[in-house]
Amino acid sequence: MTSSPSTITMFGADWCRDCVRTKRQLDSLGITYTYVDLVQDPSAADVAREISGRTNIPVVVYPDASHHVEPSNDDVEAKLRELELI
């Protein structure tokens, strides 16, 4: 499972407060993204770990192939502005 060139992919879980916060932020900004629910697809945790090198979530993968792990709202917003998505 990989992110397509024009898509944001977020790996997360509903029990994770940072995941809920980041998902809410993307939704409120009207950002289109693919959400990979690690509760529904536990094997995707291996993919997230391969991307980030860590076990922390959320992992947000951007269209430029960069990523954030446990990003703050400011980190996400800055990256979205850099990519001219907002």
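Annotations for the structure displayed:
- Hey, residue 59 farther than 15 Å from residue 16 by Cα and surrounded by 18 or more Cβ atoms within 10 Å (Cβ to Cβ) or not: no
- Test: residue in the range 52-75 that is of a type in the set (Lys, Arg) and modelled with pLDDT of 95 or more: no
- Residue in the range 14-23 that is on the phi > 0 side of the Ramachandran plot and in contact (Cβ under 8 Å) with a residue 12 or more places away in the chain present: no
- Residue within the range 11-20 that is open to solvent by less than 30 Å² (accessible area, probe 1.4 Å), touching a Cys at 6+ places or on another chain (Cβ under 7 Å) and not polar (S, T, N, Q) present: yes
- Subset of the range 47-86 [in a helix (DSSP H, G or I) and among the β-branched types (Val, Ile, Thr)]: 47, 51, 76
- From the options 65, 45, residue that is touching a residue at least 60 places away in the same chain (Cβ under 8 Å) and either crowded, with 17+ Cβ neighbours inside 10 Å or of a type outside the set (D, E, K, R) (or both): 65
The values are calculated or read from the model by the stated rules, or taken from the named source; none is laboratory data. Every value quoted in this text rests on a predicted model; they were computed, and no experiment measured them. All Cβ positions, glycine included, derive from the backbone under ideal geometry; neighbour counts span all protein chains shown. Each accessible area value is taken on the protein alone, full model and side chains, heavy atoms only, with ligands, DNA and RNA left out. Shrake-Rupley method; radii C 1.70, N 1.55, O 1.52, S 1.80 Å.
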